[in-house]
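Scroll down for the structure; my scribbles are underneath it.
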Amino acid sequence: MIKHALITVILLAATSLAGADSGLQVSEPWVREAPPTSRVLAAYLTLVNTDDNTVTVTAISSPDFKNAEIHRTVIEAGVARMLPVKQLEVPAGGQLMLEPGGHHLMLFDPLRTLTAGETVTLIIHMNNGKQLSATAPVIRKTGEDHSHHHH
């Protein structure tokens, strides 16, 4: 009986970590490579909600960093500021992009040196207690990428 209960608990935990029944999916996650001595890295991804209800993300964490915060970029008097965000609402049947210049994830104090080609684990926490895990590659991006510029 104890063995059966333990198996049930393990299966429930695995299902919760996989984000089953949450309707939330992660698309195109990535972490911007930073100099080896950098204490802060940025991560980006798209949250896709396939459910009929809004999904609320309360936090995004990573076992590869001491701390992580969701931020948004605000331009005030021509100066970009990054402000913390307590939660994200992903509309039913919609998506929310975390991208450079908008909402993004700030990752503080990496527990190892991260270079291009390595991966980082991101855990998306939802207000219903469920979690969704995603693997994000570390990518080297330079100022030469003009794909998002509109002239």
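Worth a mention:
- Residues located in segment 25-44, provided they are at pLDDT below 95 and either part of a strand (DSSP E or B) or among the aliphatic types (A, V, I, L, M) (or both): 34
- Residues (charged (D, E, K, R) and under 16 Å from residue 46 (Cβ atoms)) located in segment 92-136: 99
- Residue within segment 54-73 that is exposed (fewer than 14 other Cβ atoms within 10 Å of the Cβ) and among the aromatic types (Phe, Trp, Tyr) present: no
- The strands (runs of 3 or more DSSP E) located wholly in segment 45-151 that include 1 or more residues which are free of Cβ contacts under 8 Å to residues at least 40 places away in the same chain occupy 65-76, 79-84, 88-90, 103-110, 119-126.
- For residue 111, the test of being closer than 16 Å to residue 57 by Cα and modelled with pLDDT of 95 or more is failed.
- Among residues of segment 66-81, those that are farther than 11 Å from residue 101 by Cβ and within 20 Å of the chain's Cα centre (by Cα), counted: 7
The values are calculated or read from the model by the stated rules, or taken from the named source; none is laboratory data. All values derive from a computational prediction rather than experimental measurement. Heads up, the Cβs are rebuilt from the backbone with ideal geometry, glycines too, and the neighbour counts pull from every protein chain shown.
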